[in-house]
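In what follows, a structure is listed as structure tokens, so that the remarks can point back to it.
What follows draws every value from the coordinates through simple rules; no lab data is involved. Everything numeric here is computed off the predicted structure, so don't read it as measured data. When we count neighbours, we look across all protein chains shown, and the Cβ atoms used for this are built from the backbone with ideal geometry, even at glycine.
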């Protein structure tokens, strides 16, 4: 019997807010399915506004996921040429002089720093800050989080030698060195987006110096040499290049083939985002959208929502609905905007386009006739209207695209939500056939760096099911968007007025660092939702 020929591939890690994954891709960027290892976990939400994790528990999960992927790779006689990592943006934690955590790992969804943005908007020029960093005064970004930590955790703040994110902490635990890619650094709110260096003015706002941050590097400058314990555990990975972690949103575009401005990429997983990649060294960032870096040559422009699949999970799990599939089926069959509901979908605060961290969800129009399917449909549509606002803001910088490619677990399992997006935005939505766009993007970047994929930046999206906008429904949704905007203006303070304090912003509860493995898989001059602001 002939021996099976050895094949080559790269190992991709995907560090998400609800699971960690490890999977091997071959030299053509195809997933080797038997290697796919997905380990879900739950974040700690025990205090108001808290969405955090134990970083050491996540590292242990990543190690287990690598074990699983490598066991399958060995069985399939795969030789691994490199490791590349996708990591969610905006995480923050402190480490002491020995590299041990001084805080829990704060995620982008942790809103306990929301009140700090009020002070920043009162005393600083948010537009000038946005022009340099591409970011906003918001609890997702490090200036607000660091000010909150300095105020609420004086002792821990003083013990912290370096402030880093999850990707840097993982690589330090595995490889013994601390570096951060331009991509991950650009989403902290501390990087000069154009000069690709830490920005002194942003550091002043955060109350730290450059010496308390990891050294910067581009993704194409890999690390090598696992620490001895991990080298013995994974000898095939000991000497291969480990490319620095990159932002999961940017990599989702790459993995879905949306590497040119003709194609936008929308993702709805736990949260949601709409993005486009631009090959520009510098950019005048339009107000209302953010801009981060993929690498030194490419920027990612877009908007992010704090809501997505997390709200669907809240609806079905937290409210005790036992038959999720029946509720989802009812939502899919419901008539567009036929429920009589208007929703501000800010369960975790507003990000794009107005970046009001203190905003909270509101639902009007409920009656005794409202069914669970009506509410789910209304939630999906309300999030669709938020994407439409982001889409309008992006078009001030990028010409109207040929189409939008849909990725993410929620869209993969909900054709109705993809159709809602097509109708709300008035443009065709193409469902990506790639099951894991972010990890695939990480693998493609590694393959390109190794010389196996020279045409990466010329690729086109793979064609999946296409959902086209329906003019009648688009008109219905335009009216519903206007109704949502009126509710927004009614419930939230006008531009320039202070935002109200929220429990998440003022809570002094001490955090309980807990992570459990899941059993299952300001300056706002006017609302960017209004037509006047969009013109």
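Shape index of the range 112-173: Rg/Rh, with Rg the Cα radius of gyration and Rh the Kirkwood radius from the inverse mean 1/r over Cα pairs, equals 1.03. Ordering 160, 466 by the number of other Cβ atoms within 10 Å of each residue's own Cβ, fewest first, gives 466, 160. Panel note: the C-alpha atoms of the chain, placed on their principal axes, show extents of 66, 58, 46 Å (largest first). Subtracting the Cα-Cα distance of residue 7 and residue 27 from their residue separation scaled by 0.36 nm leaves 6.3 nm.
Note down the relative contact order for the range 281-372 as a percent, whole number, built from C-alpha pairs under 8 angstrom at least six residues apart. Kindly include the intermediate steps, with their values, before the conclusion.
Working: 93 pairs, mean separation 23.4, N = 92.
With pairs under 8 Å counted, the relative contact order is 25 percent.
With R₀ set to 25 Å, the beta-carbon distance separating residue 400 from residue 368 gives a calculated FRET efficiency near 0.05. Helical runs (DSSP H, four residues minimum) scored at -39500 (n - 2.57) apiece and divided by the length of the chain put the mean residue ellipticity at 222 nm at -10000 deg cm²/dmol. Exposure proxy ranking for 282, 414, 220, 382, based on other Cβ atoms within 10 angstrom of each Cβ and starting from the fewest, stands as 282, 220, 414, 382. Pairs of Cα atoms nearer than 8 Å and 6+ residues apart set the relative contact order; for the range 331-457 it is 20 percent. Let a ≥ b ≥ c be the square roots of the eigenvalues of the Cα gyration tensor of the range 144-262; is it rounded (a/c under 1.5), or, if not, prolate (a/b larger than b/c) or oblate? Oblate shape, in that a/c is at least 1.5 and b/c is the bigger or equal ratio. Shown for 168, 104: other C-beta atoms within 10 Å of each C-beta, ranked fewest to most, produce the order 104, 168.
The calculated FRET efficiency for residue 56 paired with residue 212, based on their beta-carbon distance and R0 = 22 Å, is about 0.55. Over the C-alpha atoms of the range 372-475, the Rg to Rh ratio, Rh being the Kirkwood estimate, stands at 1.04. Size estimate for the range 194-317 follows the Kirkwood approach: the inverse of mean 1/r over distinct Cα pairs works out to 17.4 Å.
Summarising the strand pairing of the chain, around 65 percent of its internal DSSP beta bridges are antiparallel. Two decimals is fine: what's Rg over Rh for the range 63-174, C-alpha atoms, Kirkwood radius as Rh? Here Rg/Rh amounts to 1.12.
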